[in-house]
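As structure tokens, the structure follows; a few thoughts come after it.
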Protein chains: 2
Amino acid sequence: MASETMASFTTPALKEAMAEVATAIDALFDEVLAVPDDPRAILYEAMRHAAIGGGKRLRPLLVAASAGLFNVDRHSALRAGLAVECVHVYSLIHDDMPCMDDDDMRRGKPTVHKQFGEAVAVLAGDSLHALAFEIAADPRTHADPFVRAELTFELSRASGPAGMAGGQMMDLMAEETRFDLATTTRLQQLKTGALIGVCLEMGAILGHVPPAGRKMLRAYARDLGLAFQIADDLLDVEGDAAIVGKATGKDAEAGKATFVSLLGVERARTQAAMLVDQAVAHLSGWGAEADLLRAIARYVVERDH
Amino acid sequence: MASETMASFTTPALKEAMAEVATAIDALFDEVLAVPDDPRAILYEAMRHAAIGGGKRLRPLLVAASAGLFNVDRHSALRAGLAVECVHVYSLIHDDMPCMDDDDMRRGKPTVHKQFGEAVAVLAGDSLHALAFEIAADPRTHADPFVRAELTFELSRASGPAGMAGGQMMDLMAEETRFDLATTTRLQQLKTGALIGVCLEMGAILGHVPPAGRKMLRAYARDLGLAFQIADDLLDVEGDAAIVGKATGKDAEAGKATFVSLLGVERARTQAAMLVDQAVAHLSGWGAEADLLRAIARYVVERDH
């Protein structure tokens with residue numbers, strides 16, 4: 001899927017890594033979301049609808065790329081990436097609901113509540129959320145319980161009120177209050193940055209790298225996350241809904257401050273490019289093994305969806 | 001709170017244990033839900049509204065009682081109980097929403113969506129869900145990473161589609177299909193039984209008891225969970241909404257099969273009493289250290305709320 005819509009500026013290595021991760025994540029979702037032959041079937045169908053066959057799988061790719069720096073077993077990295085993707089997909093399901101962003105389309109398909117109803121959407125999101133931690137804490141993800149406990153701890157922090165959910169709350173407030181650049185930056189660091197950050201962190205955790213050794217990866221993640229969000233804001237203003245796969249122009253409509261409304265299109269674009277350069281600079285201590293992370297950084301600001 | 005409304009049949013030891021656990025859980029919630037001085041404040045207020053100062057705290061009490069069999073550090077047991085209670089409270093918030101059970105009152109107060117709006121209710125539930133796993137995986141809960149990973153794994157299974165969320169999905173289907181006794185039992189084993197079961201399991205995990213040594217506790221939990229649900233169904237039919245703290249008669253109104261509609265009031269009451277006897281019988285290998293679990297089993301069918 002991802003490879004068909006990928007623009008030509010992606011490096012062959014990135015293209016290959018993206019396609020491989022996307023295929024592996026779909027296969028893993030297919031396995032953990034096997035539909036039971038009982039009255040819970042619709043719940044699993046709803047989770048599969050949201051989880052399988054779509055999305056850039058940027059987060060699992062980041063886990064795999066980070067894990068690639070530390071000789072981590074590929075299966076462990078993919079399962080950790082699957083856990084993060086569960087959190088990402090759950091957040092999209094809840095975010096699309098009428099009481100939140102009220103979106104009808106996602107990844108070119110009807111959103112879960114449109115297809116299955118709101119009650120099922122609540123439960124499908126909740127189920128994927130729980131599943132994320134089950135996967136992270138599962139001995140099949142990593143043999144070392146210390147690694148499993150740390151994966152779970154960091155992922156739950158990134159998902160909860162001090163991370164993504166906290167950022168979503170700020171996003172709700174942004175409809176009423178006009179946030180300045182500092183507050184908008186903080187909002188995005190929580191809303192999208194925390195989950196991107198934990199992807200890099202997970203690679204290091206799987207590689208038994210202690211927190212003190214993760215400084216450069218954290219710096220990379222912080223710059224990457226903001227660049228990603230600025231690119232998202234630019235797509236919201238300039239993107240083609242058919243390619244982006246969801247409605248565009250929604251933030252402006254809601255009167256929310258975005259990087260584009262605060263900086264203007266030109267300065268936002270310059271800022272994103274600068275952040276990418278900064279992100280790449282944080283990787284200078286690594287050689288070719290960090291090329292995938294470098295390519296991802298270039299990709300996030302140049303993508304068209 | 002709990003002690004004021006407790007009926008006279010509770011033993012003094014149970015009364016004391018319930019009051020102690022309720023006080024400790026409130027204090028821990030107060031600590032982990034400290035309101036930040038930023039635009040996320042409302043999210044934390046909503047979580048506090050749902051989490052603090054109410055409820056029987058039956059699940060943390062069960063964790064503490066189970067842990068009491070194995071000389072577990074009290075702080076560890078309470079933190080594990082807090083994690084389960086986070087899952088329980090999150091499920092109530094989402095369950096009360098208009099697209100689910102559509103309830104206006106809970107524990108004698110307006111439900112979260114009534115007080116804070118639906119979007120905040122979604123996020124408050126999601127936040128408490130993430131927080132549950134953060135607490136379970138936190139080194140402050142237990143020093144041994146194996147224990148933390150196992151606590152998290154079992155709790156996520158109990159919360160997800162193979163546990164509570166799966167039971168809630170079956171509950172949605174129960175509005176359309178008339179389930180028989182076997183399917184209703186399965187529904188309740190998932191919807192309320194899984195989380196009650198993990199409470200007993202957590203005490204054993206904290207006590208380093210391997211899975212093979214948890215058989216009797218699992219059997220106790222299974223019988224207790226069903227007895228609890230039958231008692232709940234009886235309260236739904238016969239209870240006083242003012243004492244129960246939420247609307248009653250809702251299942252009959254929705255045309256859902258319950259233990260009471262399937263068995264009738266008298267047989268349901270007999271069945272609950274038999275299950276409690278069975279639950280207590282599973283504890284025969286323990287002495288006085290299991291008296292609290294015995295008292296809890298008697299309590300769950302005799303409570304009036």
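Structural remarks
- Count of residues meeting criterion [within 7 Å of chain B (Cβ to nearest Cβ) and either open to solvent by 10 Å² or more (accessible area, probe 1.4 Å) or touching a Leu at 6+ places or on another chain (Cβ under 8 Å) (or both)] in the stretch A:143-154: 4
- Residue selected from the stretch A:279-304 under the condition small (G, A, S) and loosely packed, with under 15 Cβ neighbours inside 10 Å, by the criterion farthest from A:T10 (Cα to Cα): A:G285
- Taken over the stretch B:89-122, the criterion of being within 7 Å of chain A (Cβ to nearest Cβ) and touching a Pro at 6+ places or on another chain (Cβ under 8 Å) is satisfied by B:E118 alone.
- Test result for A:R140, assigned to a loop (DSSP other than H, G, I, E, B), more than 7 Å from every other protein chain (Cβ to nearest Cβ) and at pLDDT 95 or above: yes
- Test: residue in the stretch B:176-196 that is within 14 Å of chain A (Cβ to nearest Cβ), among the hydroxyl-bearing types (S, T, Y), under 19 Å from the mean Cα position of the chain (by Cα) and at negative phi: yes
- Scanning the stretch A:217-265 for residues that are of a type in the set (A, V, I, L, M), open to solvent by 40 Å² or more (accessible area, probe 1.4 Å), within 20 Å of the chain's Cα centre (by Cα) and within 24 Å of A:A295 (Cα to Cα) yields a single hit, A:I243.
- Taking the criterion of being within 7 Å of chain B (Cβ to nearest Cβ) and either in contact (Cβ under 8 Å) with a residue 40 or more places away in the chain or surrounded by fewer than 22 Cβ atoms within 10 Å (Cβ to Cβ) (or both), the residues of the stretch A:123-137 that qualify are A:L123, A:S127, A:H129, A:L131, A:F133.
- Qualifying residue in the stretch A:155-175 (condition: open to solvent by 20 Å² or more (accessible area, probe 1.4 Å), more than 16 Å from the chain's Cα centre (by Cα), within 30 Å of A:G255 (Cβ to Cβ) and more than 12 Å from every other protein chain (Cβ to nearest Cβ)): no
- Residues satisfying the criterion are absent from the stretch B:179-187 (criterion: open to solvent by less than 30 Å² (accessible area, probe 1.4 Å) and in contact with a His (Cβ under 9 Å, 6 or more places away or on another chain)).
- When the test is whether a residue is of a type in the set (D, E, K, R) and surrounded by 24 or more Cβ atoms within 10 Å (Cβ to Cβ), A:R40 passes it.
- Test: residue in the stretch B:62-72 that is in contact with a Leu (Cβ under 6 Å, 6 or more places away or on another chain), farther than 22 Å from B:G193 by Cα, away from every other protein chain (no Cβ under 11 Å) and crowded, with 17+ Cβ neighbours inside 10 Å: yes
The values are calculated or read from the model by the stated rules, or taken from the named source; none is laboratory data. Small disclaimer: the values here were computed from a predicted structure and weren't measured. Here the Cβ is made from the backbone with ideal geometry for all residues, glycine too, and neighbour counts use every protein chain on show. For the accessible areas, the whole protein counts, side chains as well, though only heavy atoms, and no ligand, DNA or RNA atoms are used. Shrake-Rupley method; radii C 1.70, N 1.55, O 1.52, S 1.80 Å.
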